[in-house]
Structure formats: structure tokens, C-alpha cells
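**Student:** One structure coming up, written as C-alpha cells, with questions to follow.
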Amino acid sequence: MNKYDVIIVGSGFAGSTLARKFAEDQKKVLIYEKRSHIAGNMYEEVLDNGVRVHKYGPHIFHTNNKKVFDFLKQYGEWYFYEHRVVGKINNILVPIPFNFRSLELLYNQEESQKIKDKLKEIYPDQKKVSILDLINNSDETIKKFGEFVYKNVFENYTAKQWNIPISEIDKSVINRVPVILGYDDRYFQDQYQYMPKQGYTKLFERLLDHENIEIQLSTNALDDLSIQEDQIYWKGEKFSGIVIYTGQIDELFDYKFGVLPYRSLDLVFENYDMNYYQSSSVVNYPNEEKFTRITEFKYFSNQLIPKATTILKEYPKKYQIQEDCIPYYAIIDDENREKYNQYDELVQKIPNLYMCGRLAEYKYYNMDTVIERALELYEKEFQ
Ligand code: UDP
């Protein structure tokens, strides 16, 4: 008899949410985590200057799914936080997503009034519109305005981030950031926008704090797990329990159908002896700089630390299979989806293997959607 009912690979939101659900159902869970800490890319740490930073880039929680937020609320206190971003366009900091205020800052009064009137006329009942919709509009004023935003906000940022021309990017990626038809300057328009008071690491500690959950840090699951003839083996013996895999699907199958491409980032942290470095938590640099954005963490953590602050610059790069390179973003297109489907067909043949999360499902999940997916998977298959 195996000592564990469930083996979970990875302790990010996908793995940890499922671990908790199984544990509460009296299942013995073993989590493999190859890093020396839990929480995956959500991990936060406190630096020597006292500032708490998101070690793998900024993570701002937002959702319209009450169930997801209710689930998370059980594991810590949250505070109301509406994320606001500005972008440096023509040397002026303007709200991103681009809104009426951005328009007024970059056009003269007469022109901006004309564009606002036209937008209201053409999209009378909409609060936001896709940039792709604007540039394809038959109205000349709207089209020109769309092209201006496209060129100044989207084109270069996207080329930097994805290293492909914007025309080749999946529409769902571009449509993550709309154009706002009004003065709402929040980055997200979701109903629930909160951040964990004590940070994400504490949240994960509480999520995983259960007598039925055991975690092995700094351990590569694939040293113990293998797949032979559609069966899972654990430490050399057949494993008939449940295996939840949240790592890269291609790695699990030894890259048999080729490597699934990702975008990675060089994350460069800088400390300053000043109260604040910039005027808002995130400043996007679509055009001039090599980095895409600067995040200043004190705005998230609400820490009152005088004369010390830490910022993060994100330099996009290609993902390569090597230890210090992290796959952050799946590059979604038809060819890669096809490759993913080939791997997924192998998964479907193994009755006790389940994929969950950004890497395992090759998807651009947000935090809330990955939790939603984990909860749904649990309800559908195991409840
Ligand atoms: N984007 C852009 N300019 C911006 C912000 C976003 O062109 O100032 C585009 C870009 O293609 C980016 C996508 O919108 O990859 C999604 O941006 P989001 O802020 O959702 O990215 P994340 O925070 O997930 O890195």
C-alpha cells in the first residue's frame, strides 16, 4: 500500500489549492517542490532593507469569481487594493489602460474632445473596447486614434515582451489590456481587487498548513516519478493514487514531441535610499527602454519604511532549458497548441494523471483563473 493517496508536483496556486482540497478530504498528500521554497512564482521575500518583494515579478490579485475569493479569504486577511498603472508615452506619464485622461494628456483639447465625442457616439453603451476593434473601425477618426494607441502603447511593448511582431500575437494576449471609454484609471475592472495583508508567502504557508500535507522542498519530482506504458511509477513501483502535475508538460514526457516555447524574464532588483522611486506602483515603458516596466513594491506591501525602497525592472528574453531560466509565459499560437495537444493525448491515456496550471496546460492563466481551474478540477473529478 502506498503511503500517499495523492502526489502533487509543484506548490504554486494550482498545486497548493488542490493539496488543500485533498487534505481536507482526509487524503494523504505529498507535494514535490523543486525550489527551496513553496508558493511557486507567487513567492515573496523580505530583503535586507526591509522591503517585501515579489521575487518572480509583480502579482496583483483580481477576480470576478466570488468562489475563488471566498476560498482564498480562509487563509489570511486581505486589503482592498485597486491597481493603477501609468505608461511613459512621449515622456508623459499617462494612465494604462489608455483612457480619456491619457487622451487629454497626449492630444490638444480640440482633438481630444473630437475623439472622445466620436468614441461615445460609436460605442454608446461600452465601458471599454479592444484596441483591435479601434484600428479596424471604418470611421477615420477612430481608426487614426486606434493606430496612435497601437503604435505608442502596444506595438513596441509587445515586440519587446514576445519578440514577435504584434500582428503575430494571439488576440487574447493583446485583449488583456483594453482601451477605456471613460476616466476609470484602474488596471483591472474586476469586482474583487485585494492583496494579502501579510503577503503571498504567508498565505501559502497557511494554505498548506494541514496535517495531511507533506512537502518535499528542493526535490525534483521526476527523480522519483516516471511513466512507462501509460502507468505511473513512483520510486520504482506502480503508483495507483492520484498524480497532479503542475510543471512543464513537455518536460514530463522528456520533450518527445519537441520543446514548448516560453518567454522568460531577467528580473533586475534595485535598492534606493529614498522613500519612493516613482509615483505609482507600476510604470510601463512601451517604447524607449529595454525593460517593459518598473514595479515599486512598497506600494503593494503598504510598508512604512523610511528612506528605503526596492524596484524591479523586467527585461524579457527567450526561455531556454537551463537551471536559472524560468518559463513565465506560454507563447500561444496554432503550432504550439498543436504540439501541446500531442502531449495532452499522452496524458489522457493515463487514468490517474491530471494536469493543472500555466505550465502543465500551456495557458496564460491569471491567479484567479488557475485557482478556479483547480477548484473545478477537484469538484469534477474527485468530490
Ligand atoms: N501590453 C502592451 N502595452 C502595455 C501593457 C500591455 O502592449 O503597456 C500588451 C503586451 O502585449 C502584453 C499584454 O498586453 O504582453 C498583456 O499585458 P499584461 O499587463 O496583462 O501582462 P502581464 O502582467 O501578465 O505580464
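**Student:** Using a cut-off of 14 Å between beta-carbons, work out the net charge of the residues near HIS54 (Lys and Arg +1, Asp and Glu -1, HIS54 not included).
**Tutor:** Computed value for this residue: +2.
**Student:** Taking a temperature of 10 °C and a viscosity of 1.306 mPa s, what whole-number D in µm²/s does Stokes-Einstein yield for the stretch 314-375 with Rh from Kirkwood over alpha carbon pairs?
**Tutor:** Diffusion coefficient, whole number: 119 µm²/s.
**Student:** Continuing with this model, one more query. Sorted from fewest to most neighbouring beta carbons within 10 Å, what does the list SER102, SER16, SER240, SER264 look like?
**Tutor:** By the 10 Å Cβ count, ascending, the order reads SER240, SER264, SER102, SER16.
**Student:** Principal axis extents for the stretch 281-348, Cα atoms only, whole Å, descending order, please.
**Tutor:** Result, largest extent first: 55, 30, 22 Å.
**Student:** For the stretch 205-283, what does the relative contact order come out to in percent, with C-alpha contacts under 8 Å and a separation of six or more?
**Tutor:** Contact order relative to length: 11 percent.
**Student:** Hey, what's the per residue convex hull volume over the C-alpha atoms of the stretch 160-237, in cubic angstrom?
**Tutor:** On the way: hull volume 21.6 nm³, N = 78.
Hull volume over Cα atoms, normalised by residue count, gives 278 Å³.
**Student:** From a point 7 Å beyond the Cα of SER218 in the direction of its Cβ, which residues of the stretch 7-43 have a backbone N at a distance under 11 Å?
**Tutor:** 35-37
**Student:** Follow-up. Beyond 31 Å, what share of the Cα-Cα pairs of the chain remains, rounded to the nearest whole percent?
**Tutor:** So the portion of pairs separated by more than 31 Å is 42 percent.
**Student:** For the stretch 262-383, what relative contact order do you get, as a whole percent, if you take Cα pairs closer than 8 Å and at least 6 residues apart?
**Tutor:** Computed value for the stretch 262-383: 26 percent relative contact order.
**Student:** Using unit Cβ charges (K, R positive; D, E negative) and no other charged atoms, how large, in debye to the nearest 20, is the dipole of the chain about its Cα centre?
**Tutor:** For the chain, the charge dipole is close to 700 debye.
**Student:** Using the membrane-span-like helix rule (whole DSSP H runs, Cα extent along the own axis of at least 18 Å, mean Kyte-Doolittle hydropathy at least -1.0), which helices of the chain qualify?
**Tutor:** The qualifying helices are 367-381.
**Student:** Cross-link list LYS88/LYS290; LYS197/LYS318; LYS34/LYS73: which exceed 24 angstrom alpha carbon to alpha carbon?
**Tutor:** LYS197/LYS318; LYS34/LYS73
**Student:** Suppose each label sits 7 Å from its Cα in the direction of the beta carbon; what would the ASP117-LYS3 distance come out to in nanometres?
**Tutor:** Roughly 7.6 nm, to one decimal.
**Student:** In Å, what is the Rg of the alpha-carbon atoms in the stretch 128-266, and how long is Dmax?
**Tutor:** Final numbers for Rg and Dmax: 22.8, 68 Å.
**Student:** Add +1 for every Lys or Arg and -1 for every Asp or Glu among the other residues with Cβ under 11 Å from the Cβ of ASP133, and state the total.
**Tutor:** +3
**Student:** I would also like to ask the following. 7 Å from Cα along Cα→Cβ at both LEU47 and VAL268: what's the point-to-point distance in nm?
**Tutor:** 1.4 nm
**Student:** Also: Could you state the orientation-averaged shadow area of the convex hull built on the Cα atoms of the stretch 67-199, in nm² to one decimal? Don't jump to the answer; show the numbers that get you there.
**Tutor:** Values: hull surface 39.9 nm².
Seen from a random direction, the Cα hull of the stretch 67-199 projects 10.0 nm² on average.
**Student:** Can you tally the net charge around ARG263? Count Lys and Arg as +1, Asp and Glu as -1, for every other residue whose Cβ sits under 9 Å from the Cβ of ARG263.
**Tutor:** Overall, the nearby charge balance is +2.
Here, each number is a calculation from the coordinates, and none is a lab measurement. Just so it is clear, the structure is predicted and the values come from calculations on it, not from any experiment. Every residue, glycine among them, receives a Cβ derived from its backbone with ideal geometry; neighbour counts consider all protein chains shown.
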